[in-house]
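S.K.: Below you will find the structure I want to go over with you.
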Amino acid sequence: MGESVKLISSGIPSNGREYYSSTVGIWYEVLYSSKEESEIFFKRHRYQETRCEPKDDGLYSSGDKDKLKKDFSFFKRIGIDYVALDDTNHHMVDNGFIAAHCDSAFEVAGEMGESAPKICIAAGRPLVNGDLSYQKWEMDVYYDYCMNYAKQYFRWKGKPLYINFNDPWNYGYDDVRFTVRHSSGSATEAHGYESRFHINKNGLYGWVYNCQYEKSEVYGITPGWSRSHNGLETLGFKPISRENGEHYRKEWLNAVKANKEMIVITGWNEHGEETGIEAVTLREPIEGRELEHLNPYFYEQMTEGYLALKTGFLEGFYYQSEQSDTVYIYQNGELTQVPEVPLMMPVILVPSDYFEWTGVKING
């Protein structure tokens, strides 16, 4: 695939059945500012913490309404159910630009109506710092979003979802107005707290999934992770290599097979920690991403293909059973064997019974 070519499907297929039924959410960074915004309030640009640059939109502002509409339209088309706005650094950080970006996200979702995914909030920094009064103030702000954008705010288990990004000893935090679910820097941080705070049942809704809680309601997917480039690597666990997409592919296969109530994708545009799936241009070589320049849209396409597996195949996509080395392309309602696949063209690895489940004709 050429670097400038996108593989675009016509949307999620439908045959009236579902192979898996998980609700799917994705984290979204609201911390990016335009150059003009940065010059107003921030001596250093957030993009300076990254080794890559968004391919299609350059150094965009997270509050750019055209960009938000574009991203929300893509999420809705491929089957993302909700977006978790990452407000984990204080709502009023960066002289209020983070808050303004959150406002823009809800405004755009409100304007788009059913053409946009739902939105929820991930936050909790005041609680980390022991500031309960500020935590209460932030929760009131988030509840105002719930009231003002009732049709846009994502609800889970009967209430608006709030993701509490925190230290494990703060997993007892609750707010009766919300369904509260917890997250941390790495999933392993919750080891030892599983029974005390119902992690075995509710699981973690982020951030870096370097383990799973198999009996929980959620399966988490991280394409890779690294902070070694920006001096923030001291979280107590090693970088996770993308393995040129193989890690992400295996994570998705396991998530589909698990068929839990919820799938959480670590991030759309978290490029500072290198967990994003948004198409980017790498500014320097990165281990495990050596081939990404051949198809910057690889992770977007892989995500689209796996979301579509709920109900079927996508035209022009490649598929392979987990029990075979044979690869097929789906075209005109049939699977046809191919001798090879271009480098970095995503091949959707499917459960061993998936071909039989779909009943699609196989050639070769």
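The values are calculated or read from the model by the stated rules, or taken from the named source; none is laboratory data. These numbers were taken from a predicted model, which means no experiment stands behind them. Please note: Cβ atoms are built from the backbone with ideal geometry, for glycine as well, and neighbour counts cover all protein chains shown.
S.K.: Could you tell me whether Pro342 is outside the structural domain of Gln212 (by TED's automatic domain parsing), closer than 30 Å to Glu49 by Cα and either surrounded by fewer than 22 Cβ atoms within 10 Å (Cβ to Cβ) or modelled with pLDDT of 95 or more (or both)? Walk me through how you get there before you give the answer.
M.R.: Values: outside the structural domain of Gln212 (by TED's automatic domain parsing): yes; closer than 30 Å to Glu49 by Cα: no; either surrounded by fewer than 22 Cβ atoms within 10 Å (Cβ to Cβ) or modelled with pLDDT of 95 or more (or both): yes.
For Pro342, the condition - outside the structural domain of Gln212 (by TED's automatic domain parsing), closer than 30 Å to Glu49 by Cα and either surrounded by fewer than 22 Cβ atoms within 10 Å (Cβ to Cβ) or modelled with pLDDT of 95 or more (or both) - is not met.
S.K.: In addition: Evaluate the stretch 13-34: report whether one residue or more is assigned to a loop (DSSP other than H, G, I, E, B), of a type outside the set (Gly, Ala, Ser), modelled with pLDDT under 65 and surrounded by fewer than 16 Cβ atoms within 10 Å (Cβ to Cβ). So that I can check it myself, show each step before the final result.
M.R.: Of the residues in the stretch 13-34, the ones assigned to a loop (DSSP other than H, G, I, E, B) are 13-22, 30-34.
Among the residues that remain, those that are also of a type outside the set (Gly, Ala, Ser) are: 13, 15, 17-20, 30-32.
Add one more test, that the residue is modelled with pLDDT under 65, and what stays is 13, 15.
After this cut, where a residue has to be surrounded by fewer than 16 Cβ atoms within 10 Å (Cβ to Cβ) as well, the list is 15.
Yes, the stretch 13-34 has at least one match.
S.K.: Something else now. Go through the stretch 316-364 and give me each residue that's hydrophobic (A, V, I, L, M, F, W, C), touching a residue at least 40 places away in the same chain (Cβ under 8 Å) and over 26 Å from Asn244 (Cβ atoms). Before the answer, list the steps.
M.R.: Going through the stretch 316-364, the residues hydrophobic (A, V, I, L, M, F, W, C) turn out to be 317, 327, 329, 335, 338, 341, 343-345, 347-350, 355, 357, 360, 362.
Of the ones still in play, those that are also touching a residue at least 40 places away in the same chain (Cβ under 8 Å) are 317, 343-345, 347-350, 357, 360.
Scanning the stretch 316-364 gives Trp357, Val360.
S.K.: Same structure, new question: May I ask you to verify whether Asp66 is without any contact (Cβ under 8 Å) to a residue 12 or more places away in the chain, surrounded by fewer than 16 Cβ atoms within 10 Å (Cβ to Cβ) and of a type outside the set (Val, Ile, Thr)?
M.R.: Values: without any contact (Cβ under 8 Å) to a residue 12 or more places away in the chain: yes; surrounded by fewer than 16 Cβ atoms within 10 Å (Cβ to Cβ): yes; of a type outside the set (Val, Ile, Thr): yes.
It is true that Asp66 is without any contact (Cβ under 8 Å) to a residue 12 or more places away in the chain, surrounded by fewer than 16 Cβ atoms within 10 Å (Cβ to Cβ) and of a type outside the set (Val, Ile, Thr).
S.K.: Counting only residues that are under 21 Å from Ser22 (Cα atoms), of a type outside the set (D, E, K, R) and part of a loop (DSSP other than H, G, I, E, B), how many does the stretch 65-103 have?
M.R.: Number of matching residues: 2.
S.K.: Would you pick out the residues in the stretch 181-197 that are surrounded by fewer than 21 Cβ atoms within 10 Å (Cβ to Cβ) and within 24 Å of Tyr142 (Cα to Cα)?
M.R.: If the condition is that a residue be surrounded by fewer than 21 Cβ atoms within 10 Å (Cβ to Cβ) and within 24 Å of Tyr142 (Cα to Cα), then Gly185, Phe197 are the ones that fit.
S.K.: Restricting attention to the stretch 122-139, and to residues there that are touching a residue at least 24 places away in the same chain (Cβ under 8 Å) and of a type in the set (Gly, Ala, Ser), which single residue is surrounded by the fewest Cβ atoms within 10 Å (Cβ to Cβ)?
M.R.: So the residue we want is Ala122.
S.K.: Let me ask something else. So, in the stretch 246-267, how many residues would count as being buried (at least 22 other Cβ atoms within 10 Å of the Cβ) and under 24 Å from Glu53 (Cβ atoms)?
M.R.: Total satisfying the criteria: 4.
S.K.: Same structure, new question: Is one or more of the residues making up the stretch 268-284 crowded, with 24+ Cβ neighbours inside 10 Å and either of a type in the set (Phe, Trp, Tyr) or assigned to a strand (DSSP E or B) (or both)?
M.R.: yes
S.K.: Further, regarding this structure: Any idea which of Trp207, Trp169 is outside any loop (DSSP other than H, G, I, E, B) and under 15 Å from Ile265 (Cα atoms)?
M.R.: On the way: Trp169 fails: under 15 Å from Ile265 (Cα atoms).
Just one listed residue meets the conditions, Trp207.
S.K.: So, one more: Among the residues of the stretch 107-125, are any part of a helix (DSSP H, G or I), farther than 27 Å from Gly79 by Cα and touching an Asp or Glu at 6+ places or on another chain (Cβ under 6 Å)? Break it down stepwise before answering.
M.R.: Here is the first cut: in the stretch 107-125, the residues part of a helix (DSSP H, G or I) are 107-115, 125.
Filter again for farther than 27 Å from Gly79 by Cα, leaving 125.
Now restrict to residues that are touching an Asp or Glu at 6+ places or on another chain (Cβ under 6 Å): none.
No - not one qualifying residue is present in the stretch 107-125.
S.K.: A follow-up question, please. Determine if the stretch 254-264 includes at least one residue that is farther than 20 Å from Leu59 by Cα, in contact with a strand residue (DSSP E or B) (Cβ under 9 Å, 6 or more places away or on another chain), among the charged types (D, E, K, R) and in a loop (DSSP other than H, G, I, E, B).
M.R.: Quick first cut of the stretch 254-264, residues farther than 20 Å from Leu59 by Cα only: 254-264.
With the extra rule that they be in contact with a strand residue (DSSP E or B) (Cβ under 9 Å, 6 or more places away or on another chain), the set shrinks to 254-256, 258-264.
So of that shortlist, the ones also among the charged types (D, E, K, R) come out as 260-261.
Narrowing further to those that are in a loop (DSSP other than H, G, I, E, B): 260-261.
Within the stretch 254-264, one or more residues are farther than 20 Å from Leu59 by Cα, in contact with a strand residue (DSSP E or B) (Cβ under 9 Å, 6 or more places away or on another chain), among the charged types (D, E, K, R) and in a loop (DSSP other than H, G, I, E, B).
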